[in-house]
Amino acid sequence: MLLNKLIKQVSLAIALMAGLLASAHAILPIEKLDSFKGAQAYLVQTKVLPMVDIEISIDAGDRYDPGSKSGLATVAGQLMNYGAKSERGFLNEAQIADEIADLGANLGVSVSGERAVMRIRTLSRKDLRDRAVLLASTMLSAPTYDAKILTREKQRMTTALLESETKPESVLDRRFRKSVYGNYPLANSPTVQSIANIGALDLQQFHKQFYRGDRMIVSIVGDVSKAEATEIVQSLLQRVPQSSGPGIAQLPEFERSPIEPLSQREITIPFDSQQAHIAMGMTAVTRSNPDYFPLLVGNYVLGGGGFVSRLMSEVREKRGLAYSVFSYFAPGKDAGIFQAGLQTKNDQAALALEVMSSTIAQFIADGPTLSELDAAKSNLVNGYSLRIDNNRKLLDNVSSIAWNDLPLDTMEVWTKQIEAVSLDQVKTAFQKYLAMDRMKIVVLGAKNQ
């Protein structure tokens with residue numbers, strides 16, 4: 001009853017203090033904590049809510065999957081929720097779920113191309129916080145990877161994979177990533193066979209190799225002092241080995257998309273769909289690249305600004321070829337891509353692709369106008385508070401800064417960096433990193449005309 005009362009009080013506080021959070025987060029500094037077990041650790045203190053959000057980023061993403069066992073990193077991460085060995089004995093999935101529910105906390109693991117992420121959200125009251133951290137520590141350091149649960153989850157994943165093959169968005173995404181990333185491991189996607197190849201021993205070996213302190217970054221946001229945050233980090237990682245084991249293969253160099261004739265860059269995939277789904281893009285910059293901000297501002301004009309973007313004007317407003325059209329840069333730590341896309345009627349696919357291509361080509365050649373640039377910068381700057389208006393968003397920013405090795409004052413100077421972008425910088429950056437003869441194109445569902 002006490003826990004339920006506390007949760008209700010926190011919910012009320014969230015509703016009442018949202019405005020205060022936005023202004024407070026804009027000036028809150030990131031503090032670097034002492035390294036522990038080789039892990040980096042960072043803290044943002046905010047006393048507005050009696051809560052704490054914690055993230056452990058692990059350099060153990062899908063890019064480390066063996067080719068024949070694509071999906072291994074994802075399975076290794078997800079099964080950490082389904083059993084672990086504590087100092088007092090084994091915890092099964094029901095016990096883990098019951099403990100999370102009893103704490104009124106959130107605790108889960110997700111895996112992306114570059115990293116695995118464990119997230120914890122709990123009330124900051126010490127007894128509840130300590131229990132949540134202890135549970136997370138157990139899951140992080142000693143997952144059991146039970147063979148029976150693995151069999152069950154593989155069946156579930158196989159069913160989901162087979163279902164995804166009936167969805168045009170999923171098929172397009174897999175083929176587009178394969179086309180853009182080429183030989184880089186992020187090109188690979190799990191298949192029914194690769195999931196079938198994964199065994200419990202594979203999961204144990206993967207965890208032993210990659211879930212080490214020197215591959216981890218801990219980010220903390222919330223109602224804790226620096227001393228308490230240090231204690232949290234040490235409790236989380238107390239049973240985690242410090243350094244990575246041998247045998248981790250080096251990732252190949254992430255290469256720029258090659259210049260190719262259109263016949264080699266465009267893929268058309270027959271698909272029983274009422275609409276054609278089109279994706280266009282190429283390899284691009286990492287988040288730490290100094291040209292990131294000119295590209296971000298420029299893309300707001302090109303296709304990231306919704307109804308005020310060039311692509312929306314040319315494709316939807318002037319010609320009615322699609323309900324929505326977009327473009328974005330997806331920069332990571334070691335790899336990044338540019339992507340544009342839309343959905344349209346099958347018999348309009350060729351025209352829609354032509355309009356999207358010509359609009360992007362013209363923007364690369366000419367860049368934005370001064371009025372477009374000013375409007376984009378104004379919208380980005382004025383909307384910045386929405387990027388940090390609660391603890392979770394703030395944690396996202398802290399985590400990204402730490403993961404991408406960015407300066408700790410990145411949030412404080414973000415708007416200044418946007419405001420400093422010039423027309424020449426946008427034009428130069430787009431011409432440096434994008435080229436139409438490097439763009440990969442995937443068209444799914446279009447009929448031959």
When residues of the range 154-176 are filtered for being crowded, with 18+ Cβ neighbours inside 10 Å and of a type in the set (Asp, Glu), how many remain? 1
If you take the residues in the range 381-401 that are in a helix (DSSP H, G or I) and among the aliphatic types (A, V, I, L, M), which one is modelled with the lowest pLDDT? 386
Tabulated pairs, the range 427-438, first outside any helix (DSSP H, G or I), second surrounded by 15 or more Cβ atoms within 10 Å (Cβ to Cβ), C-beta under 7 angstrom, 6+ apart or interchain: 434/282; 434/338; 434/364
Just a yes or no: is a residue in the range 313-325 at pLDDT 95 or above, touching a Gly at 6+ places or on another chain (Cβ under 9 Å) and part of a strand (DSSP E or B)? yes
From the option list 357, 399, single residue qualifying as outside the structural domain of residue 51 (by TED's automatic domain parsing), farther than 22 Å from residue 258 by Cα and either over 22 Å from the mean Cα position of the chain (by Cα) or touching a residue at least 60 places away in the same chain (Cβ under 8 Å) (or both) is 399
Filtering the range 143-153 down to residues that are β-branched (Val, Ile, Thr) and part of a helix (DSSP H, G or I), which residue is surrounded by the most Cβ atoms within 10 Å (Cβ to Cβ)? 149
Would you pick out the residues in the range 286-295 that are touching a residue at least 60 places away in the same chain (Cβ under 8 Å) and surrounded by fewer than 23 Cβ atoms within 10 Å (Cβ to Cβ)? 286, 287, 288, 291, 293
May I ask you to say which residue of 70, 57 is surrounded by fewer than 22 Cβ atoms within 10 Å (Cβ to Cβ) and at pLDDT 95 or above? 70
Across (1) buried (at least 17 other Cβ atoms within 10 Å of the Cβ); (2) within 17 Å of residue 441 (Cα to Cα), residue 351 clears everything bar (1)
For the range 241-272, which residues satisfy the criterion of being hydroxyl-bearing (Ser, Thr, Tyr) and either loosely packed, with under 12 Cβ neighbours inside 10 Å or modelled with pLDDT of 90 or more (or both)? 243, 263, 268
Just to be sure I understand the filter: pairs with C-beta atoms under 6 Å, separated by 6 or more residues or on different chains, first member in the range 360-387 and of a type outside the set (Lys, Arg), second member not in a helix (DSSP H, G or I). Which pairs pass? 364/434
Counting only residues that are free of Cβ contacts under 8 Å to residues at least 60 places away in the same chain and surrounded by fewer than 21 Cβ atoms within 10 Å (Cβ to Cβ), give me the strands (runs of 3 or more DSSP E) lying completely in the range 76-140 with at least 1 of them. 83-86, 89-92, 106-111
Filter pass, residue 413 being outside the structural domain of residue 54 (by TED's automatic domain parsing), out of contact with any Asp or Glu (no Cβ under 6 Å at 6 or more places or on another chain) and in contact (Cβ under 8 Å) with a residue 24 or more places away in the chain: no
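The values are calculated or read from the model by the stated rules, or taken from the named source; none is laboratory data. All of these numbers come straight from a predicted model, not from anything done at the bench. Please note: Cβ atoms are built from the backbone with ideal geometry, for glycine as well, and neighbour counts cover all protein chains shown.
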